[in-house]
């Protein structure tokens with residue numbers, strides 16, 4: 001049996017971290033709770049029902065206060081703070097980010113560029129990924145199976161800007177043998193990602209998919 005990893009590291013409060021403004025004391029020996037997150041033999045950390053509820057609530061609004069989070073899942077504020085810190089330390093929560101309206105920053109035109117490269121080697125794949133990520137127009141790069149090798153999501157000012165991006169950053173590369181561009185009319189996005197099968201434990205915490213009183217659900221861009 002593999003060794004259990006060390007407990008979660010203590011983190012400094014970050015901007016947007018629900019624990020950043022909390023003055024609750026750390027959960028001590030009398031709190032009745034110990035961090036449930038542990039990685040064994042390289043497996044993902046184990047999440048209990050309360051962890052999953054917190055993850056769902058934070059996906060909806062990462063700026064909720066520690067007090068609101070604790071009330072929503074029915075635990076003490078000190079325990080809630082420790083759990084959120086543990087989720088962050090173990091990499092379940094990767095960061096806190098602002099969702100930006102692309103229209104408001106002058107990049108209303110979105111597109112998906114499907115790309116094939118030859119030869120498809122580790123070096124060529126990594127070089128293409130880095131080139132795309134360095135371009136300010138790029139929102140995301142997926143390396144995929146099937147007829148295409150990459151899907152590149154971009155946001156530009158207008159059609160001329162999109163054309164210039166494709167010609168200068170995509171088709172100009174020697175390894176690119178085919179590129180097709182599809183304009184995005186609209187996007188419907190899922191804001192809450194449920195845990196995979198087998199991660200949801202027996203029993204239940206308060207259903208975080210039901211917004212707590214006073215919580216406003218964000219609308220998609």
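The values are calculated or read from the model by the stated rules, or taken from the named source; none is laboratory data. Since we're looking at a predicted model, the values are computed, not measured. Note that each Cβ is placed from the backbone with ideal geometry, even for glycine, and that neighbours are counted across all protein chains shown.
Name the one entry in 72, 76, 111 that is at pLDDT 95 or above and surrounded by fewer than 17 Cβ atoms within 10 Å (Cβ to Cβ).
That would be 76, the only listed residue that is at pLDDT 95 or above and surrounded by fewer than 17 Cβ atoms within 10 Å (Cβ to Cβ).
Under 8 Å between Cβ atoms, at least 6 apart or on separate chains: pull out the pairs that start in the stretch 86-103 with a residue that is farther than 18 Å from residue 192 by Cβ and end on any residue that is at pLDDT 95 or above.
102/108; 102/110; 102/155
Kindly indicate whether any position in the stretch 32-45 is surrounded by 18 or more Cβ atoms within 10 Å (Cβ to Cβ), more than 30 Å from residue 157 (Cβ to Cβ) and modelled with pLDDT under 95.
Yes, some residue in the stretch 32-45 is surrounded by 18 or more Cβ atoms within 10 Å (Cβ to Cβ), more than 30 Å from residue 157 (Cβ to Cβ) and modelled with pLDDT under 95.
Here is a list of conditions, (1) modelled with pLDDT under 95; (2) surrounded by fewer than 15 Cβ atoms within 10 Å (Cβ to Cβ); (3) part of a helix (DSSP H, G or I), and residue 53 meets all of them except one; can you say which number that is?
Condition not satisfied by residue 53: (2).
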